[in-house]
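Structure first, commentary second.
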Amino acid sequence: MKKLILSVVVSLFAAASLAAQTHTAVPLDDPIYTVIEQAQLKGLCPVLSEAKPYSQHKIQSIINTILSTETDLPWAALTAAERAILNQTLDSFRKEEGWSWLKGEAFHQHTTKSGIPMTFNAGVSWQSVFSGSAQAENGDLTGGTDNWGIVSLSGDMGPAFSWRFSAGGGLMRAPRDYLGKAYTFYKGFEDKDIDEARKDQNKIYDVMTEPLSFFPYTYRKNWDGSIFKGDSLGSSGFFDWPQGISFGYQLNGEAAVSFLDDAISVRAGRLIREWGAGTNGSSLVLNAAARPFFGVEANFEPFSWLRMATLTGVLEYYNAEGISVSSATFQNLFSIGMAEANYKNFVHFSLGSSVVYPKRFELGYAFPLLSRFFYQNNVGDFDNLTMFATLIVQYPGIGKLWGSAYVDEMDLTSPEFFNQDRNMYALQAGAAATLPIPGLAFSNFTFQYTKLEPYVYTHQLVKTPWYEVWMEEPYMNNGVSLGYYLPPNSDELKVRFDSSFIGGGVLNFHLQYQMVRHGAEYGSRAVDGSSLNSQLDTTGRNDKEGKPELWKHFLHDGAYQWQHIVKIGGDYNLEGFNIPVKLFCDLGLVYSYFTDIDGKPNSGQHQPIHRINTSEYPTQTRFIGTVGFKLYP
């Protein structure tokens, strides 16, 4: 009898574990994150953690909460179409024994002799993107492509532990134009009375455009390390950008464990993350647009209104000059910690700090109950410290307001605080509203303004006791900012409408307008601190005398590029028709021009701006179209 009872208990335990599936992450580009955010606006689920991605187990739990929540607001209640979308998502997580042609995966489950449930899953996927642009002024046509095949293996070992590994190969082309050369330090630096070692750090670098065939600031590096040119596969050369047809690879993996119904979870792996965002893709501190890196993270939720998260990982260098050369001065770790508090569904607040530091065994940065910002005082001032915070105020069923701040470095005692280059920070404010539109599902409107000060995310070279050479400490991973996707000395106004429609398959679509303004990194009217390659000179950065050459004045201190970007697009998942394909498309235009001032920049006087159109800073109009598909999405 005891054996029978034990057998039944083990069977039920195993069935529950397999139904919950896995604790590995759902990628941040999955549309379910947009659906969950819109459900939060409706008040159909609690305010969730800003530490993403979420596990498959957590996503399923959130969806079940949304489906079971009742609301007194008729316009916030789930429609039949919205329920169908959520149920289709739940179905996509369910596994059946054997090979599935619809999902492109093979699944196997069994229970060990000791009664531990085990699963194994092997899958394949393919994604192709084709994008092209036409410039109105000269008729130039530019094409680009990004194609990746991925093989993945994953599984569960008992109810608490899950793992996943993926490997992929890609073919890509994303041509850029050369704009000019720039220096890491500002103009006039060489004339300063400083030591030769510091002057030697003033390097020249090439300034390139964003990939011409893609919408600005949307193209993502999907390859690891270096790439191989299509016409030189037999050589040993490595290259840093797919100017022509090139080939690359990617390897990612993770192992995750969860206890007490996700109250405690730990994950180790190389993947894309986003922390501290007011809305999806908006983070100033760790953005989904950043490159993946290996890290160990932990999340704790001792109460429903209090959460803590910590992450420590290894940043990857940008291979522009060869492995031994490029990596010699970039050997960094990254740590971030965040605490979050909720008041019901109305107020959410997060506060945290992060640090980029040359590799060493520094446990204090990884400990979740210590501030990295203040801990630096205990170990020496050699590291790049930041602080960040986000406040969200929400009225369920209507919408939310949020504000985010990221502080890189500042001196509160400096005169003309807002004009000092050495005060480096980023600010963001936004609003989102849910829109009950008949016939559509999960519709919302988002308004967002972001401002990045000069030199934010950058850092000067540092000399440490444990390295013989000057080391780099920018807030970057593999040449890409860890924070917001815009370069320093920029601002952005973004207005976006998102919605969904279900008719067999699920159609997600959007309409978006952006205005991006950015200081010129190159040319005769370049603006200091406008590039991730910029470095603020350590001598004289505390400007107590009010020297104009150390000041900033957005739009009034040189040439600035203005970009007006309009696009409409979406994706259509055909799984509802038993076709394992997702189609996607974006169409739009980019209108770009420059402004400047008369006279000398940084003169300390306000001067009006005016539009210019020269060979150095031209006006351009580009029409862009991007189409693609994903097999086994």
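The residues in segment 395-413 that are modelled with pLDDT under 90 and open to solvent by less than 10 Å² (accessible area, probe 1.4 Å) can be counted, and the count is 1. Out of 589, 583, report the one residue that is touching a strand residue (DSSP E or B) at 6+ places or on another chain (Cβ under 6 Å), part of a strand (DSSP E or B), closer than 23 Å to residue 30 by Cβ and open to solvent by 30 Å² or more (accessible area, probe 1.4 Å). The unique qualifying residue is 583.
Condition check ((1) out of contact with any Asp or Glu (no Cβ under 8 Å at 6 or more places or on another chain); (2) open to solvent by 30 Å² or more (accessible area, probe 1.4 Å); (3) free of Cβ contacts under 8 Å to residues at least 12 places away in the same chain; (4) in a loop (DSSP other than H, G, I, E, B)) across all residues:
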position	(1), (2), (3), (4)
67	yes, yes, no, no
86	yes, no, no, no
109	no, yes, no, no
115	yes, no, no, yes
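Here residue 298 fulfils each of the conditions (1) out of contact with any Pro (no Cβ under 9 Å at 6 or more places or on another chain); (2) in contact (Cβ under 8 Å) with a residue 40 or more places away in the chain; (3) of a type outside the set (Val, Ile, Thr) apart from (1).
If you go through segment 355-379 and pick out every residue that is open to solvent by less than 20 Å² (accessible area, probe 1.4 Å) and of a type in the set (Gly, Ala, Ser), you end up with 1.
Somewhere in segment 125-144, is a residue open to solvent by 30 Å² or more (accessible area, probe 1.4 Å), touching a strand residue (DSSP E or B) at 6+ places or on another chain (Cβ under 6 Å), in a loop (DSSP other than H, G, I, E, B) and modelled with pLDDT under 90? Looking for residues that are open to solvent by 30 Å² or more (accessible area, probe 1.4 Å), touching a strand residue (DSSP E or B) at 6+ places or on another chain (Cβ under 6 Å), in a loop (DSSP other than H, G, I, E, B) and modelled with pLDDT under 90, one finds none in segment 125-144, hence no.
Residues in segment 44-65 that are assigned to a loop (DSSP other than H, G, I, E, B), of a type outside the set (A, V, I, L, M, F, W, C) and open to solvent by 20 Å² or more (accessible area, probe 1.4 Å): 46 only.
Taking into account only those residues within segment 426-475 that are aromatic (Phe, Trp, Tyr) and surrounded by 19 or more Cβ atoms within 10 Å (Cβ to Cβ), which is nearest to residue 394 (Cα to Cα)? Here the residue is 442. Close Cβ contacts (under 7 Å, 6 or more residues apart or on different chains) running from residues in segment 25-41 that are closer than 23 Å to residue 296 by Cβ to residues that are of a type in the set (D, E, K, R) comprise 25/254; 28/52; 28/274.
Just one of the listed residues (220, 270, 198) is of a type in the set (Lys, Arg), assigned to a loop (DSSP other than H, G, I, E, B) and open to solvent by 20 Å² or more (accessible area, probe 1.4 Å), and it is 220. Out of segment 549-562, which residues are open to solvent by 20 Å² or more (accessible area, probe 1.4 Å) and either touching a Cys at 6+ places or on another chain (Cβ under 8 Å) or not hydrophobic (A, V, I, L, M, F, W, C) (or both)? The answer is 549, 553, 556, 561. I'd like to check something: does segment 439-458 contain any residue that is of a type in the set (Val, Ile, Thr) and over 23 Å from the mean Cα position of the chain (by Cα)? No, segment 439-458 contains no residue that is of a type in the set (Val, Ile, Thr) and over 23 Å from the mean Cα position of the chain (by Cα). Does any residue of segment 602-620 turn out to be closer than 30 Å to residue 150 by Cα, modelled with pLDDT of 95 or more and part of a strand (DSSP E or B)? No, segment 602-620 contains no residue that is closer than 30 Å to residue 150 by Cα, modelled with pLDDT of 95 or more and part of a strand (DSSP E or B). Tell me whether segment 342-354 contains one or more residues that are among the hydrophobic types (A, V, I, L, M, F, W, C) and surrounded by 19 or more Cβ atoms within 10 Å (Cβ to Cβ). Looking through segment 342-354, none of the residues is among the hydrophobic types (A, V, I, L, M, F, W, C) and surrounded by 19 or more Cβ atoms within 10 Å (Cβ to Cβ).
Scan segment 303-335 for residues that are open to solvent by 20 Å² or more (accessible area, probe 1.4 Å) and under 20 Å from residue 353 (Cβ atoms) and jot them down. Scanning segment 303-335 gives 306, 307, 308, 312, 314, 333. Residues in segment 34-70 that are hydroxyl-bearing (Ser, Thr, Tyr), in contact with a Phe, Trp or Tyr (Cβ under 9 Å, 6 or more places away or on another chain) and either farther than 29 Å from residue 127 by Cβ or modelled with pLDDT of 95 or more (or both): 54 alone. For segment 347-387, a tally of residues being under 30 Å from residue 398 (Cβ atoms) and touching a Phe, Trp or Tyr at 6+ places or on another chain (Cβ under 7 Å) returns 1. Give me the residue from segment 245-267 that is of a type in the set (D, E, K, R) and in a loop (DSSP other than H, G, I, E, B) and, out of that set, least open to solvent (accessible area, probe 1.4 Å). For segment 245-267, the residue satisfying everything is 262. Counting the residues of segment 145-188 that are farther than 30 Å from residue 203 by Cβ, in a loop (DSSP other than H, G, I, E, B) and either out of contact with any Ser or Thr (no Cβ under 9 Å at 6 or more places or on another chain) or open to solvent by less than 20 Å² (accessible area, probe 1.4 Å) (or both) gives 1. Determine whether segment 499-521 contains at least one residue that is touching a residue at least 12 places away in the same chain (Cβ under 8 Å), open to solvent by 10 Å² or more (accessible area, probe 1.4 Å), among the charged types (D, E, K, R) and under 14 Å from residue 454 (Cα atoms). Yes. Are any of the residues in segment 216-224 modelled with pLDDT under 95 and either in contact with a helix residue (DSSP H, G or I) (Cβ under 8 Å, 6 or more places away or on another chain) or over 29 Å from residue 590 (Cα atoms) (or both)? The answer is yes, given that some residue of segment 216-224 is modelled with pLDDT under 95 and either in contact with a helix residue (DSSP H, G or I) (Cβ under 8 Å, 6 or more places away or on another chain) or over 29 Å from residue 590 (Cα atoms) (or both). Kindly indicate which of 534, 524 is over 19 Å from residue 584 (Cα atoms) and crowded, with 22+ Cβ neighbours inside 10 Å. After ruling out the rest, the residue left standing is 534.
The values are calculated or read from the model by the stated rules, or taken from the named source; none is laboratory data. Everything numeric in this text was worked out from a predicted model, so none of it was measured. Cβ atoms come from the backbone with ideal geometry, glycine included; neighbour counts cover every protein chain shown. Note: areas computed on protein heavy atoms with side chains; ligands, DNA, RNA excluded. Shrake-Rupley method; radii C 1.70, N 1.55, O 1.52, S 1.80 Å.
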